[in-house]
Amino acid sequence: MTVMSSRVAYVMKRYPRLTETFILNEIAVMEALGVKLELFSLLQPEPPPHHPMVSEIKARLNHLPAAFFFKAKVLAKSHAANLRTEPLRYMRALGRAVYSSLRSRHPFDVLEQFVRAGFIADRCRREEISLLHGHFANAPTLVTWFASAMTGIPYSFTTHAKDLYLTAPGVIRRHVRDAAFVATCTSYNADYLKSLLPQRDHGKVHLVYHGIDLSRLAARSKESASESGGAPLILAVGRLVPKKGLGDLIAACEILQRAGLRFRCAIVGEGPLRATMEADIERRGLAGRVRLMGAMTHADLISVYRKADLFALPPCIVADGDRDGIPNVIAEAMAIGVPVVSTSVSGIPELVEHNVTGLLVPPESPEMLAAALRDLLGDPQAGARLARNARARLESDFDCRETTKALRDLMHGCACGGIHETAPAASFLADAAKPAAQLVGERS
């Protein structure tokens, strides 16, 4: 096995973060594979509780101080060091930042990322980082783009869901053009990316599924599926935001209740729709059936998975284009052996194959969602068959050790390929040569 001896910097918006276990899993496996990492959080780390695995990560976490005075002092020192060490690259990156801000609908946001990039560039140069890798195509990738321009260190990025569909196509094209490669977590995303890119950049797009650590998520025994004598439990996990479709699940629960079915429903997660959902539960007479459980640690969530009879998550595409990729919680439920009902949105059918590894219904269709849940509540053997197939599918294509190896190999090839000496200048000149009409179409 090839061990990557060079160093990789991971740039993330916020780390650690309770809802981003897929990134945490990736970091842990990267370290197990021998990759030396340096972690950067653009924002202050999320306060506890944290996933227990966070304490197992060996890589150093870097972030700016919270206090303005100390933050400004660190940033001023970092930018001065970049200018002193690499004056031409720094001025080129500054020109890139000014030019990009003038084209953007949010110029101060662009300049803010340039300022943050100075801290990362200085630290990465001193730590002899071989590759910068941004997680999410929005702010983290913009920062890596600037930091790469300041240092000549190549960069790559992973794009997931919201970050891809809510980032302007022109910005995506620009960042892919200058990147060593881009990874994405669904074939659906990969096809969308290629539809935005010129043919010459299609080879930079690589499908790397979010892997699941199956060693930490052992399949449960049949007897542990539900509490003895209790009503069957339907579990949903997700942020309380429109794209998760949890309002449709509540409506489906009302249909099940009117049909006289015996069940409970627990929704784990927190978010801006909590008050709306609480009122909806009350209005539909479901206060004794549907419970909002709030956020919880991953360890606590695993224990809830093990008590569930069904897992239901019905994502949809909302008006601004935001959508899920393949929600990690679906794969986690499958790993533990909980039959899954979801919707045919985005990359979900790549994991949930209808009537093979789960059941799929159209988005925004509470009636069909209720029918699918009713079918599985009435036929536990069918649910057990789906669960067995789902676990096998995960073992075949979604084992995080194998998916992370693929990403590690991509990074190894880039890190060993040397420093991009000409990319920052070439890309800036290419942008400068574009006609104004084209630039307006790429505004971010």
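Read the figures in this text as sums done on the coordinates, not as results from a lab. What you are looking at is a predicted structure, and each value in this text was computed from that prediction instead of being measured. Neighbour counts are summed over all protein chains in view; Cβ atoms, including those assigned to glycine, are modelled from backbone coordinates with ideal geometry.
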> Could you give the dipole magnitude of the chain about its Cα centre, charging the beta-carbon of Lys and Arg +1 and that of Asp and Glu -1, in debye to the nearest 20?
Replying inline: 980 debye
> Over its Cα atoms, what ratio of radius of gyration to 2.2 N^0.38 Å does segment 1-147 give?
Replying inline: 1.07
>> For segment 234-292, which trypsin sites (Lys or Arg not before Pro) pass both filters: DSSP loop (anything but H, G, I, E, B) and at most 13 other C-beta atoms within 10 Å?
In response: R262
> Just in segment 108-154: which GluC sites (Glu not before Pro) are loop by DSSP and have at most 12 other Cβ atoms within 10 Å?
Replying inline: E128
>> With 10 angstrom as the radius, rank L193, L310, L18 by how many other C-beta atoms surround their C-beta, starting from the fewest.
In response: L18, L193, L310
>> I'd like the trypsin sites (Lys or Arg not before Pro) in segment 1-87 restricted to DSSP loop residues with at most 12 other Cβ atoms within 10 Å, sorted by number.
In response: K58
> Quick one: Cα centre-to-centre distance for segment 159-213 and segment 257-317, in angstrom?
Replying inline: 33 Å
>> Just to confirm the number: angle between the C-alpha axis of helix 68-85 and the first principal axis of the chain, 0 to 90 degrees, nearest 10?
In response: 50 degrees
> If you put +1 on each Lys and Arg Cβ and -1 on each Asp and Glu Cβ, how big is the dipole of segment 222-397 around its Cα centre, in Debye rounded to 20?
Replying inline: 440 debye
> What is the fewest-to-most order of H51, H133 by other Cβ atoms lying within 10 Å of their Cβ?
Replying inline: H51, H133
>> Please report the antiparallel percentage of DSSP beta bridges with both residues in segment 222-397, rounded to the nearest 5.
In response: 5 percent
> Do the alpha carbons of any pairs in K36/K58; K204/K243; K13/K162; K13/K194; K194/K405 sit beyond 21 Å of each other, and which pairs?
Replying inline: K204/K243; K13/K194; K194/K405
> Any idea which of S101, P327, V35 is furthest toward the positive side of the dipole for the chain, if Lys and Arg beta-carbons carry +1 and Asp and Glu beta-carbons -1?
Replying inline: S101
>> At q = 0.11 Å⁻¹, what log₁₀ I(q)/I(0) does the chain have when each alpha carbon counts as one equal point scatterer in the Debye sum?
In response: -0.88
>> Based only on other Cβ atoms within 10 Å, what is the fewest-to-most ordering of L166, L394, L83?
In response: L166, L83, L394
> Quick one: Kirkwood hydrodynamic radius for segment 222-397, alpha-carbon pairs, angstrom, one decimal?
Replying inline: 15.9 Å
>> Placing +1 on the Cβ of each Lys and Arg and -1 on the Cβ of each Asp and Glu in the chain, which of G238, I172, A9 has its Cα farthest towards the positive end of the resulting dipole?
In response: A9
> Taking amide hydrogens as modeled 1.01 Å from N in the peptide plane, which residues meet the under 5 Å criterion relative to L233, leaving out close sequence neighbours?
Replying inline: R264, D309, L310
> Taking θ as phi - 60°, what are the ³J(HN,Hα) couplings along segment 339-344 by the Karplus curve (6.51, -1.76, 1.60), each to the nearest whole Hz, with x for Gly and Pro?
Replying inline: x, 10, 10, 9, 10, 8
>> When only alpha-carbon atoms are used, what values of Rg and Dmax, in angstrom, describe segment 97-252?
In response: 20.5, 66
